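Written out below as structure tokens is the structure these notes cover.
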Amino acid sequence: MAELASALARWLVVAALGYAAVVAITHWAVRDRRLNPFGAWPRFVRRISDPVLRPLERRIVRAGGMPQSAPWWLFGLVVVGGLLLVSGVNWAIGFAYELRMLSGAGPRVWLIELVSWTFRILMFALLVRVIASWFGISPYRKWMRPVVFLTDWILGPLRRILPPFGPLDLSPLVAYFLLWVARQLVIGALV
């Protein structure tokens, strides 16, 4: 069952990637005058892609972009979304196996898993905070508050200790490394 879900997710991503590639390449060929825009193939592609591209074009125009780039944005979104989907399905399958393994385990194994999950959540929150800063997402947004709460306790002291590196903030990288080392030490002590 797990292999079927994983394979289904991969095939779904491959199909969506094929669709996005065909749409992007056809739109490029029409704009580059390699294909007649009134030919059968471009009309067919436009008919199957317009319901997806129109909302994307509107959003791109509102953000100040060019609507002609919508097919390439679609391709990029399918790549990123596909990676997230496949990773999410594989994570869910692994989590189900982990819970199944824990159902017959003793308290020591439960404690090790709890410590491991705590460190994983902290490391994930650190990653989310870094990526959010790249996109200029405010740490005061409602959905960012838990992420800031989980990471401020380690980033604040590191920012005061580390010397400035120009525009680079290396404190998340150092924090991630320290969390990884602490996780290894704590789990090593529990085993």
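Would you confirm whether or not region 71-87 contains a residue that is touching a residue at least 40 places away in the same chain (Cβ under 8 Å), in contact with a helix residue (DSSP H, G or I) (Cβ under 6 Å, 6 or more places away or on another chain) and farther than 28 Å from Leu4 by Cα?
Yes: one or more hits.
Return the residue satisfying two criteria in turn: it lies in region 27-51 and is surrounded by 15 or more Cβ atoms within 10 Å (Cβ to Cβ) and without any contact (Cβ under 8 Å) to a residue 40 or more places away in the chain, and of such residues it is nearest to Ile93 (Cα to Cα).
So in region 27-51, the residues surrounded by 15 or more Cβ atoms within 10 Å (Cβ to Cβ) come out as 27, 29-30, 35, 42, 45-46, 49.
Now narrow it down to the ones that are without any contact (Cβ under 8 Å) to a residue 40 or more places away in the chain: 29-30, 35, 42, 45-46, 49.
Values: Ala29: 41, Val30: 43, Leu35: 45, Pro42: 40, Val45: 36, Arg46: 37, Ser49: 33 Å.
Taking the candidates together, the pick is Ser49.
Those residues that are in a helix (DSSP H, G or I) and surrounded by 12 or more Cβ atoms within 10 Å (Cβ to Cβ), I need them from region 55-67; list them, please.
To start, the set of residues in region 55-67 that are in a helix (DSSP H, G or I) comprises 55-62, 67.
Scanning region 55-67 gives Leu56, Glu57, Arg58, Arg59, Ile60, Val61, Pro67.
Among the residues in region 88-103, are any open to solvent by less than 80 Å² (accessible area, probe 1.4 Å) and part of a loop (DSSP other than H, G, I, E, B)? Let's see the steps before the verdict.
Kept after step one, since they are open to solvent by less than 80 Å² (accessible area, probe 1.4 Å), are these residues of region 88-103: 88-90, 92-96, 98, 102.
Then drop every residue that is not part of a loop (DSSP other than H, G, I, E, B), which leaves none.
No, region 88-103 contains no residue that is open to solvent by less than 80 Å² (accessible area, probe 1.4 Å) and part of a loop (DSSP other than H, G, I, E, B).
List pairs: first residue in region 1-20 and closer than 12 Å to Val89 by Cβ, second residue open to solvent by 90 Å² or more (accessible area, probe 1.4 Å) and part of a helix (DSSP H, G or I) anywhere in the structure, Cβ distance under 9 angstrom, at least six positions apart or on different chains.
Close Cβ pairs satisfying both conditions: Ala2/Tyr97; Val13/Leu83.
Test Ile112 against the criterion of being at negative phi, surrounded by 12 or more Cβ atoms within 10 Å (Cβ to Cβ) and under 24 Å from the mean Cα position of the chain (by Cα), and give yes or no.
Numbers: at negative phi: yes; surrounded by 12 or more Cβ atoms within 10 Å (Cβ to Cβ): yes; under 24 Å from the mean Cα position of the chain (by Cα): no.
No: the conditions fail for Ile112.
Which residue pairs have Cβ atoms closer than 8 Å, lie 6 or more positions apart in sequence or on different chains, and pair a first residue in region 90-107 that is closer than 12 Å to Met1 by Cβ with a second residue that is surrounded by fewer than 13 Cβ atoms within 10 Å (Cβ to Cβ) and charged (D, E, K, R)?
none
In region 156-191, what count of residues is obtained for those that are assigned to a helix (DSSP H, G or I), open to solvent by less than 60 Å² (accessible area, probe 1.4 Å) and free of Cβ contacts under 8 Å to residues at least 24 places away in the same chain?
7
The values are calculated or read from the model by the stated rules, or taken from the named source; none is laboratory data. Quick caveat: nothing in here was measured; it's all calculated off a predicted structure. No Cβ is skipped: glycine too gets one built from the backbone with ideal geometry, and neighbour counts run over all protein chains shown. The area values use the complete protein model at the heavy-atom level, side chains included, leaving out ligands, DNA and RNA. Shrake-Rupley method; radii C 1.70, N 1.55, O 1.52, S 1.80 Å.
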